[in-house]
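Asker: Just passing along the structure, written as C-alpha cells.
The values are calculated or read from the model by the stated rules, or taken from the named source; none is laboratory data. What you see is a predicted model, and the numbers here were worked out from it, not measured in a lab. Methodologically, a virtual Cβ is constructed for each residue, glycine included, from the backbone with ideal geometry; neighbour enumeration extends over all protein chains shown.
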Amino acid sequence: MTAHQHVASDLLGLIRRAYLSRRRFMTASAAAAAGYTLAAGPVRANPITTSAEGLDTGTATIETSEGAMPAYYAKPTGVRNPPIILVCMEVFGLHAYIKDVTRRLAKLGAFAIAPDYYFKLGDLTKISDIKELIPLVNSKADSELIADLDATVRWGKSQGGDSAKLGILGFCRGGRTVWVYCAANPDVKAGVAFYGSLVDPEAQRKVWPKSPIELAADMKAPVLGLYGGDDQGIPPAQVDMMKAALAAAGKTAEFKIYPGAPHGFHADYRPSYHAEAAKDAWIQAENWFKRWSVLP
C-alpha cells in the first residue's frame, strides 16, 4: 500500500498537480497581500475578481458550541429576505477565492455565507505547505462540521436571510461537505458539489463515520455533482459509483464530468484552472439553484 492510499481523494488531486511557467503567476508576497493562500501552490496573475458594488459584504462572528466562528458574507443591497447559500471552502481556509465566490453568489441574489469552520485549528490561509494542512483539516469531525453549518444557517436567518430557501455549494473538501450536509439537514433545498470526494480513507472513520457514497440513501436534498475527467484523486469511475448508489436509493442527483479538466478546475487562482469547464459549471450551478427554487 502506498502513502497516497492514506490520503483523502480530494487532497490527492491537489498533491498531484502540474506547475506552469512562473511568469504567469504572482510572487508569493503579492499573492499573500491579495489575500490568497500559498499552500495551494503558485497563484495565477489574473484570478477573477468580483466587485462588491450593489452588495453588502463583510465579516461576522457566529456563535457555535465550539466558540466564536469567523465568517465572510455577501448579499444584495436592499433585498429583503434573500435565500441563504452556504459556501464551503477548500482545505486552504477562508481566503480571497472563497470570498470572491461568495460575492458571485450574492450577485445572483443570494445571501451567501462562507463560515471558517476550521477556526479552532488556526488561520489556515497562513500555512504555506499543504502537508502541514492535511492532518489539521482531517481532524475536523463531521459532527462538528454539521453543527457549525447549522449555526451558520441560524445566523443567516437572524440577519434576514430566508432559511426556507437554503442551498449549499462547496469545492474540493467543501464539495464533500455538501454531500455530508445534504444528508444531515432536511431543510436544505439543493446542493452543488464541485469535485467533492466520495470515498473516504479507512483511517478517517473515527472522525468521518461514513463516506458520501455510504450516505447516498440518506440524501435529503437534490445534489448536482461537478467533476473533472482528469481528476487524479476522484476518477470518473468513482463518480459513476456514486451515481449508481443514489439511483438505487431513489435520490435526485445529477452529475457532469468535464473531459480534460483536473481536480480544482474552478479555482481560477490556481494552475488547475480550466476556464471552459469552470464557466460551464458555474452556469450549471446557477441553473440548479434556480430549478430547486433556491435562487429567484
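Asker: Quick one: which strands (runs of 3 or more DSSP E) lie wholly within the range 62-115 and hold at least 2 residues that are more than 18 Å from residue 136 (Cβ to Cβ) and touching a residue at least 60 places away in the same chain (Cβ under 8 Å)?
Answerer: Here the list reads 67-76, 83-88.
Asker: Taking the range 229-262 as the region of interest, how many residues are of a type in the set (Gly, Ala, Ser) and under 21 Å from residue 190 (Cα atoms)? Full working, then the answer.
Answerer: Start the filter on the range 229-262 by keeping residues that are of a type in the set (Gly, Ala, Ser), which leaves 229, 233, 237, 244-245, 247-250, 253, 260-261.
Checking the rest, the ones that are also under 21 Å from residue 190 (Cα atoms) come to 244-245, 247-250, 253.
Total satisfying the criteria: 7.
Asker: If you don't mind, another one. Can you name the condition, by its number, that residue 261 falls short on among (1) in contact with a helix residue (DSSP H, G or I) (Cβ under 8 Å, 6 or more places away or on another chain); (2) small (Gly, Ala, Ser); (3) more than 24 Å from residue 103 (Cβ to Cβ)?
Answerer: Against the list (1) in contact with a helix residue (DSSP H, G or I) (Cβ under 8 Å, 6 or more places away or on another chain); (2) small (Gly, Ala, Ser); (3) more than 24 Å from residue 103 (Cβ to Cβ), residue 261 comes up short only on (3).
Asker: Does the range 42-74 hold any residues that are within 18 Å of the chain's Cα centre (by Cα) and buried (at least 19 other Cβ atoms within 10 Å of the Cβ), and which are they?
Answerer: Matches in the range 42-74: 69, 71, 72, 73, 74.
So that you can scan it fast, the table gives a plain yes or no per residue for (1) acidic (Asp, Glu); (2) farther than 16 Å from residue 76 by Cβ; (3) out of contact with any Gly (no Cβ under 6 Å at 6 or more places or on another chain); (4) at pLDDT below 95:
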site: 118; (1), (2), (3), (4): no, yes, yes, no
site: 124; (1), (2), (3), (4): no, yes, no, yes
site: 127; (1), (2), (3), (4): no, yes, yes, yes
site: 132; (1), (2), (3), (4): yes, yes, yes, yes
site: 142; (1), (2), (3), (4): yes, yes, yes, no
site: 147; (1), (2), (3), (4): no, yes, yes, no
site: 167; (1), (2), (3), (4): no, no, yes, no
site: 174; (1), (2), (3), (4): no, yes, yes, no
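Asker: Next question, about the same structure. Conditions first: (1) more than 17 Å from the chain's Cα centre (by Cα); (2) assigned to a loop (DSSP other than H, G, I, E, B); (3) surrounded by 14 or more Cβ atoms within 10 Å (Cβ to Cβ); (4) not hydrophobic (A, V, I, L, M, F, W, C). Residue 260 passes all but one, so which condition is the exception?
Answerer: (3)
Asker: How many residues, within the range 263-296, are assigned to a helix (DSSP H, G or I), under 30 Å from residue 161 (Cα atoms) and among the charged types (D, E, K, R)?
Answerer: 5
Asker: Hey, could you check the range 49-61 for residues that are part of a strand (DSSP E or B) and touching a Pro at 6+ places or on another chain (Cβ under 9 Å) and say which is farthest from residue 123 (Cα to Cα)?
Answerer: Top of the filtered list is 55.
Asker: Look through 210, 279 and report the one residue that is within 22 Å of residue 95 (Cα to Cα), out of contact with any strand residue (DSSP E or B) (no Cβ under 9 Å at 6 or more places or on another chain) and modelled with pLDDT of 95 or more.
Answerer: 279
Asker: With the requirement that a residue be closer than 21 Å to residue 250 by Cα and among the basic types (Lys, Arg), what does the range 180-210 give you?
Answerer: Listed by number, the residues that qualify are 189, 210.
Asker: Exactly one condition in (1) under 15 Å from the mean Cα position of the chain (by Cα); (2) at positive phi is not met by residue 109; state its number.
Answerer: Every listed condition holds for residue 109 apart from (1).
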